[in-house]
Structures are given as C-alpha cells and as structure tokens.
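Inspection log for the structure reproduced underneath, given as structure tokens.
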There are 2 protein chains.
Amino acid sequence: MSSLPKLQIALDNQTLSDAIKSINAVGEEIDVVEAGTILCLQEGMEVVRCLRALYPEKIILADTKCADAGGTVAKNCADAGADWMTVICSATIPTMKAALAEVDDLQVELYGDWTFDHARQWKEAGLSQVVYHQSRDALNSGKSWGDEDLDKLKKLSEMGFKVSVTGGLNPDTVKLFKGIDIYCFIAGRGIRDAEDPIAAAREFKAEIAKYWGK
Amino acid sequence: MSSLPKLQIALDNQTLSDAIKSINAVGEEIDVVEAGTILCLQEGMEVVRCLRALYPEKIILADTKCADAGGTVAKNCADAGADWMTVICSATIPTMKAALAEVDDLQVELYGDWTFDHARQWKEAGLSQVVYHQSRDALNSGKSWGDEDLDKLKKLSEMGFKVSVTGGLNPDTVKLFKGIDIYCFIAGRGIRDAEDPIAAAREFKAEIAKYWGK
C-alpha cells in the first residue's frame, strides 16, 4: 500500500471492445479503472461487469455523474461490480446519501458553479472524495489549469476531502500540482491515445513518485 | 398540431425488456418517449435504438443528464435515433452548445442551486427547454410542489423558456400548474405503475385539456 497519488484511467471509449483494447494495453500499471460516462451510456452496465471480470482486484469506478435516483443507480453499479461511482455536484444531498449507502465510495464531480458551502454540506453528508475538472469542452475552448484552480484544490484538501484531478492531464502536467495532496490523477486520452500507453502510464507514475514520494 | 402541454413518459425501468413492456402498454397516448437515465446507464444506447424502432414518428428523448463531452454524447444519442437529449444545469456553456449542435433540441435539467443568471446564459447560448424537477430523492424525503416552485416556473416561462415539469406527478397534480405555460408534463411511475396505464395517460391528457384547452 502506498500513500502516493493513485493513477486512474478514464475509459471514455465509444464501445466495449475498444475500451477492453485500451485497458488491456495498460491495465497492470493502473490503480483505478474508470468506465467513462460516454462508455456507460453507450454500452450500459455490461461495461462494468466486463472490467470487473478482467480486474477482480482493482478499484473499478462507474462514472455515471449521477444526478438523481442515487440509490437505484448506485445499487446497479455495485451489482455490476463497481467499487466507486461518481455523482454530479448539483445532485441533492438526499441523492448523494442514497448513493453512498450502496457503493464503497463516491466521487463528487465538480462542474459549474459549485461553492465551498456546498462542499461543507457534502462533508457533513459523509462524502469524502471530490474530482476537480477541467471540462473537456472548456479545454476545447482554450481553458487550462491555473492558480485559481490550484487554490481551490488546496482549500478542498484542507477541508479534509480526498481530491482528484482530471482534464487534459499528461505526464508533463503532473508537476503543476506539486505540494497538493492529490488522491487520484485521472487521465484518459493522455494514456489511451499515447503512442505507447504503458510507457505513458509509467511516466505518470514516475512523475508522481518524483513529487510525492519520500 | 396542438399547443396543449405534451405528455412525456419517463421510462426509468431497469431493463430494456421491461421498458418495452411499459411503453407498449401506453405508447399511443404519449407525445414524448423518454429513455430514462437509469435505463440508459443499464442498457446503453440500444434502448434508444429500440424505442426509435417502435415509434418512428414520436419524439424520442435520451435522458443522459449530460455534464461533459456534450458533442460526443449528443452525437451518440442522435445516431441511436434520439430527437432530444438532456443536459444537467451544472454543465458548462461550451458543453451545452456542443450538444445542441448534434441533436434537434436539448432539455436543461434543473437540479441543485441553479440561478436565473445561469438561465440567462443558457438562453443566450440558444437553449430553449428547461425541466423543473422535484428530485426523486427529495420527494422520498418529504418535499413536494409549492408556491416557490410555481413562481420559478412562471419566471422561466416569462424568460421565454419552454418549461417542463417532473417529479411525483399524477393526474391529480396537473391542476397545480394551471395558468403556467407548461411544455411537457413528464410522468414516470404515475403512468407506468398505474393499475391501468392507458387510463392513467388518458386522465393526464383530460386534465391537460381541461386546464389548457380553449
């Protein structure tokens, strides 16, 4: 067991077979295997069942970005074999609590105008993980990681959250977060679309060890 | 063509076959057929393909509650045969715009602490439909429709949005919205779990005609 930040791969593939191809190329290097939202919506929970079949021991995350019916969605994810699930930050507290009762852990996905008041409510409700995003569409329109993002990450960490980050990450961007207690680095195309995915994953882990190791 | 509020059924079934059973019992009475979030996550876009196959002429809605990668998710829904898709209110404007470019229309799902400032941004971005919710989990914890909700609906309608409502609706609750220009009444279990679903749908439509007809 290590207290280093974990490496999470987001399988935002379009088909189950393509996701299996992606993860099969790199799975051994990965701590958390995420069935991406796009993939879950395309293929349903069969994706989670297949990832669980491939990796009985790894953490499997269903990125449902659940906004409602938290209990039902979370039970479905758990039944399919997921350890963790995501909820959207604009879900109500009852939705989050209902979901948390059904899975081992939840990640709250931070999109839009969430506030630290909301974050305090999540903490009170027993939520422990948040995911700080640069939205893919925001990145496409030119946004990137800045001091404002890093300050928010620090504040969330100081509140006691396990803070994960995602959005346009590659091995070169890992060092941007130096000094912040990151729980998971979440990479999608930064690993999947690399010429050598396993080398990319190892570069991520080398950078993580360099800045977070003893 | 009628300017009466439409009747939308939310197929929040757990399996494709159960959804087909539900819609087959009542489809002819329905204006908008919604593949619910739970169902999309369970079975993937095959659900939308099957609903399109069953109802070539009806409006098919994929309730993805999309939060990111709007262009990809919307294109996938459109490719599967959906006319409309939902986005969550906390999605960024670029996500909403990217989605809107791929489907005939979007419904913005109002959850959590959205504001009228956000609503103005959605309007400017070309969004025309909003869905006002009582979250299932909020209903389970005792909330219902009140004056505060109705005032917000009126204000959204005055801003020029096509406003739809959902959450714990049955034929008896339709009259609560009298005098407000409702676009779709969205019912799930209020129709699906009725002893006689087709009678329930007809009761909804009779109430709609009573309060919104000439």
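The values are calculated or read from the model by the stated rules, or taken from the named source; none is laboratory data. Note that the structure is a prediction, hence the values are computed from the model and not measured. Note that we place each Cβ from the backbone using ideal geometry, even for glycine, and neighbour counts take in every protein chain shown.
List of remarks:
- Candidates A:Lys162, A:Lys210, filtered to the one that is of a type in the set (Lys, Arg) and within 22 Å of A:Ile60 (Cα to Cα): A:Lys162
- Helices (runs of 4 or more DSSP H) (entirely within segment A:84-143) containing at least 3 residues that are β-branched (Val, Ile, Thr) and facing chain B (nearest Cβ under 7 Å): none
- If you check B:Ile9, B:Ile23, B:Ile38 for being over 26 Å from B:Cys89 (Cβ atoms) and either within 10 Å of chain A (Cβ to nearest Cβ) or surrounded by 22 or more Cβ atoms within 10 Å (Cβ to Cβ) (or both), only one passes: B:Ile23.
- A:Ser128 vs. criteria closer than 24 Å to B:Ala99 by Cβ and among the small types (Gly, Ala, Ser): no
- On inspection, A:Asn140 fails the criterion of being touching a Gly at 6+ places or on another chain (Cβ under 6 Å), farther than 25 Å from B:Asp113 by Cα and surrounded by fewer than 20 Cβ atoms within 10 Å (Cβ to Cβ).
- Every pair of residues 6+ apart whose Cβ atoms lie under 7 Å, when the first sits in segment B:117-128 and is modelled with pLDDT of 95 or more while the second is among the acidic types (Asp, Glu) and not in a helix (DSSP H, G or I): B:Ser128/B:Asp105
- Test set (1) within 21 Å of A:Gln42 (Cβ to Cβ); (2) out of contact with any Ser or Thr (no Cβ under 6 Å at 6 or more places or on another chain); (3) modelled with pLDDT of 95 or more - B:Ala69 fails condition number: (3)
- Looking only at segment B:48-81, and only at residues there that are outside any helix (DSSP H, G or I) and away from every other protein chain (no Cβ under 11 Å), the one that is nearest to B:Tyr132 (Cα to Cα): B:Leu61
- From the list A:Ile191, A:Ile180, A:Ile198, the one residue that fits, being over 21 Å from A:Lys65 (Cα atoms), touching a Pro at 6+ places or on another chain (Cβ under 7 Å) and at pLDDT 95 or above, is A:Ile191.
- Members of segment B:152-179 that are among the aliphatic types (A, V, I, L, M) and buried (at least 19 other Cβ atoms within 10 Å of the Cβ): B:Leu153, B:Leu156, B:Val163, B:Val165, B:Leu169, B:Val174
- In a residue-by-residue description of segment B:171-180, the property of being of a type outside the set (Gly, Ala, Ser), within 12 Å of another protein chain (Cβ to nearest Cβ) and within 30 Å of B:Lys97 (Cα to Cα) applies to no position.
- Residues within segment B:184-196 that are surrounded by fewer than 21 Cβ atoms within 10 Å (Cβ to Cβ) and in contact (Cβ under 8 Å) with a residue 60 or more places away in the chain, tallied: 1
- Number of the condition not met by A:Glu29 [criteria: (1) free of Cβ contacts under 8 Å to residues at least 40 places away in the same chain; (2) surrounded by fewer than 21 Cβ atoms within 10 Å (Cβ to Cβ)]: (1)
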